[in-house]
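One structure is given below, encoded as structure tokens.
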There are 2 protein chains.
Amino acid sequence: MTFTLPPVEPLDGDACAAARAHHAQLTKPAGSLGQLEALGVQLCGIARECPPPIPTRPAVAVFAADHGVARAGVTPWPQEITAQMVANFGRGGAAINALARQVGAVVRVVDVGVATPIDPSVEVVRRPVRQGTADLSTRAAMTKDEAADALSVGVAIARELIEEGHDVLVTGEMGIGNTTASAAIISAFTGVDAAEATGRGTGIDDAMLAHKTTVVRNAVARTEGIADPAAVLAEVGGLEIAALAGFVLAGVAARVPVIVDGVIACAATLVADALAPTVRDLVIAGHRSSEPGATVALHHLGLRPLLDLDLRLGEGTGACLAVPIVQAAARVMREMATFDQL
Amino acid sequence: MTFTLPPVEPLDGDACAAARAHHAQLTKPAGSLGQLEALGVQLCGIARECPPPIPTRPAVAVFAADHGVARAGVTPWPQEITAQMVANFGRGGAAINALARQVGAVVRVVDVGVATPIDPSVEVVRRPVRQGTADLSTRAAMTKDEAADALSVGVAIARELIEEGHDVLVTGEMGIGNTTASAAIISAFTGVDAAEATGRGTGIDDAMLAHKTTVVRNAVARTEGIADPAAVLAEVGGLEIAALAGFVLAGVAARVPVIVDGVIACAATLVADALAPTVRDLVIAGHRSSEPGATVALHHLGLRPLLDLDLRLGEGTGACLAVPIVQAAARVMREMATFDQL
């Protein structure tokens, strides 16, 4: 499989201008809906129409994969947890399942490279590229062909969900060790030092954080001078991060609102934006993860998140919570009276 | 009518402890749901049970009233806008109507003292205490009896909504001039200078802001030495602020989650908390209004808002957007698997 970049076009300027003019006529003081107004303008620019459609069929794609670096002392969790959590997603018992039910979203779980066998009785889309990455602390996480394959899985899943009628996409992921790969991606694509991009993930002590930061710094050093974003992704990334990057690209190319979750999704969005530099204008940052790399990536992309609730779980949980806000931003533009109707 | 304080009891400590223990067993790293976990603990403490019920029937009460101070040069909007917006609420064309539909909430509009006649064809609960307050820049806004009557209207509306089966209450309001009264309440109850509590409301220029601040400072000076919270409310408050205070008190007394909106609702919550000092532990701050007095009041009450979207519209809009987050906090506690189920 090779990766074909979906054609990403910029926000529609005419629709954005129409949105600003429309907001000025609605029965409220100018600007009083704050970030909801900016989001409404963006939704018009994505949909190329004003008012924008209210998305009613959200879908969360949870891409799961393992990381060789998980065995290099960067996480206290055993790698088997990835497969166990995938089964938990399939049975509906994880946080993302509860939050998806809350906002009326379907959850599509995709095995893009889990190392441990997954309970065959659970419903999971099985598209493994390989059984987990190599250990990025010592060598390239994957080949460029494998990265292309994982990107293509993400593109395919986004297109399938849109084909099924889903009109707002939420990024989700699971993979023990993936905050290490994400920190490396974030450091490599933004230029910040590893210490700024690396955090405690699911909760590690000072000694493990120091080791993790060194692992990230050394891995990023190998990417110096590599100009091709996909090659950087292959060197220090992860299979689910690659899939998420493809998912984001295909979603924004199809002019569907894509809500980006926490630090893993932010890393994937950096890759997507490096491959197609208008991605940053088209995605919606669902929340600010408490993982420090998320803030680095959001700042680099110029994105202001909708929520800031100290979440650091991933799975798509923070972005899922932002779905009603996205719907609300569209709804006020469609349903509010104008001053001349008073 | 006189005002009888509803009996407000503290959070249930046993239920809060059970909630913390329950969260530690759910399939996620400890603490990784951040503020959603703290909110879940609070919901258990309110409901006196763990896990807490998921509220499914939200109601927004929009209390509307006019302010004599609106004619004292503190706002560019004519007082007639209050009645026009009440009619807009009744017809479903305001921002709060669109947002309430988004979260499945009913909107109950209550005239507690609108000065201009309201279109008789629109559906509004008519409980006027008087036709707007007196001008607080020159005299007491209302008598203590009138403040008691307005508080009682708020209590009655909360009880009616709960009786009808609503299980989460959202505070809303409308009243041209009410950011001036709210700033005075906030300055009087927190002790901050008028300059810190007074903002641009719906959007005023520097000269009007300076005048508004002076009006607030002079009015607050008249409250010095007054110990009775209801007397301070009568001197510098508003009829809808009093009603909101009663609404908050009756809601928390009935052990129903009450989501507080922006600066007006924060001012009302200060009054409610002064009357019954555990109110601050029982209410949920829906969002941080961009009006500076809101942050002063939230800080004084020790409340961390769920959303921070630069909203400054009132009506209950910010708190309404927080409803799905409150539902989500309860839902994860009821629906997530525990580690021993993996």
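Roll a 1.4 angstrom probe over the protein heavy atoms and tell me the percent of accessible area of chain A that is carbon or sulfur.
Numbers: 5670 of 11140 Å².
C and S atoms contribute 51 percent here.
For region B:101-250, the direction-averaged projected area of the alpha-carbon convex hull comes to 10.1 nm². Shape analysis of the protein assembly as shown yields a ratio of the Cα radius of gyration to the Kirkwood radius, Rg/Rh, of 1.01.
Run through every distinct alpha carbon pair of region B:1-146 and return the Kirkwood hydrodynamic radius in angstroms, one decimal place.
Working: mean 1/r = 0.0529 Å⁻¹.
This gives a value of 18.9 Å.
Convex hull volume per residue, computed on the Cα atoms of region A:177-280, equals 85 Å³.
Could you tell me what % of all Cα pairs in chain A have separations over 31 Å? Value for chain A: 28 percent of Cα pairs lie more than 31 Å apart.
Here the protein assembly as shown carries DSSP beta bridges of which approximately 5% are antiparallel, counting only pairs with both residues inside. Over the Cα atoms of region A:276-342, the radius of gyration divided by the Kirkwood radius equals 1.11; this is the Rg/Rh ratio. Scanning residues 5 or more positions from A:His287 or on other chains, those with amide H under 5 Å from its amide H are A:Leu306, A:Leu307, with H placed 1.01 Å from N in the peptide plane.
Would you work out the Kirkwood radius for region A:90-187? I mean one over the mean of 1/r across all pairs of different Cα atoms, in Å. Display every interim value, and only then the final one.
Working: mean 1/r = 0.0657 Å⁻¹.
Taking the inverse mean of 1/r over all distinct Cα pairs, region A:90-187 comes out at 15.2 Å.
Compactness check for region B:191-248: Cα Rg over 2.2 N^0.38 Å is 1.24. Each eigenvalue of the Cα gyration tensor of region A:223-342, multiplied by 5 and square-rooted, gives one semi-axis; in descending order these are 30, 16, 12 Å.
Tilt of helix A:80-91 relative to the longest C-alpha principal axis of chain A, in degrees (0 to 90, nearest 10)? Once rounded, the angle reads 40 degrees. If you take the charge dipole of region A:53-203 about its Cα centre, with +1 on Lys and Arg Cβ and -1 on Asp and Glu Cβ, which of A:Gly165, A:Ala94, A:Thr190 is farthest toward its positive end? About the Cα centre, the residue reaching furthest to the positive side is A:Ala94. For the protein assembly as shown, the number of Lys pairs with C-alpha atoms closer than 29 Å, counting only pairs eight or more positions apart or on separate chains, is 4.
Tell me, what is the FRET efficiency for B:Ala195 and A:Arg101 to the nearest 0.05, using R0 = 45 angstrom and their Cβ-Cβ distance as r? Don't skip to the answer; put the middle values down first.
Details: r = 47 Å, r/R0 = 1.05.
For R0 = 45 Å, the calculated efficiency reads 0.45.
Rounded to the nearest 10 degrees, the inclination of helix B:292-301 to the longest alpha-carbon principal axis of chain B is 50 degrees. With the charge dipole of region B:1-134 set up from +1 on Lys and Arg Cβ and -1 on Asp and Glu Cβ about the Cα centre, the Cα lying farthest toward the positive end among the listed residues B:Pro120, B:Ile54, B:Ala134 is that of B:Pro120.
Summed over both chains, the accessible area lost when A and B associate is about 3900 Å², using a 1.4 Å probe.
Of the residues A:Ala285, A:Ile241, A:Val69, the one whose Cα sits farthest towards the positive end of the charge dipole of chain A is A:Ala285 (charges of +1 on Lys and Arg Cβ, -1 on Asp and Glu Cβ, taken about the Cα centre).
Taking amide hydrogens as placed 1.01 Å from N in the peptide plane, the amide H of B:Glu173 sits under 5 Å from those of B:Phe63, B:Glu315, B:Gly316, each at least 5 positions away in sequence or on another chain.
Go through B:74-85, B:118-129, B:92-103, A:165-176 and give me the packing order, highest mean Cβ count within 10 Å leading. List each step's numbers first, then the result.
Numbers: B:74-85: 19.8, B:118-129: 15.6, B:92-103: 24.4, A:165-176: 27.9.
Descending packing order for the listed peptides: A:165-176, B:92-103, B:74-85, B:118-129.
Computed about its Cα centre, the charge dipole of region A:36-160 is approximately 120 debye, with only Lys, Arg, Asp and Glu carrying charge at their Cβ.
With a Förster radius of 56 Å applied to the C-beta separation of A:Arg57 and A:Ala207, the computed FRET efficiency comes to 0.75. Angle of helix B:263-275 to the longest C-alpha principal axis of chain B, folded into 0 to 90 degrees and rounded to 10: 80°.
Just need log10 I(q)/I(0) for region B:237-281 at q = 0.15 Å⁻¹, Debye formula, equal scatterers on the alpha-carbon atoms, no solvent, rounded to two decimals. With no solvent term, the Cα-only Debye profile gives -0.29. Amide H contacts of B:Arg108: B:Val60, B:Ala61, B:Val62, each under 5 Å away and 5 or more positions distant or on a separate chain (H built 1.01 Å from N in the peptide plane; Pro and chain starts excluded). Evaluated on region A:1-63, the Kirkwood hydrodynamic radius is 13.6 Å, with distances taken between all distinct Cα atoms.
The values are calculated or read from the model by the stated rules, or taken from the named source; none is laboratory data. As the structure is a computational prediction, the values presented were derived from the model and not from experiment. Cβ sites come from the backbone with ideal geometry, for glycine too, and all protein chains shown count toward neighbours. To get the accessible areas, we keep the full protein, side chains included, count just its heavy atoms, and leave off ligands, DNA and RNA. Shrake-Rupley method; radii C 1.70, N 1.55, O 1.52, S 1.80 Å.
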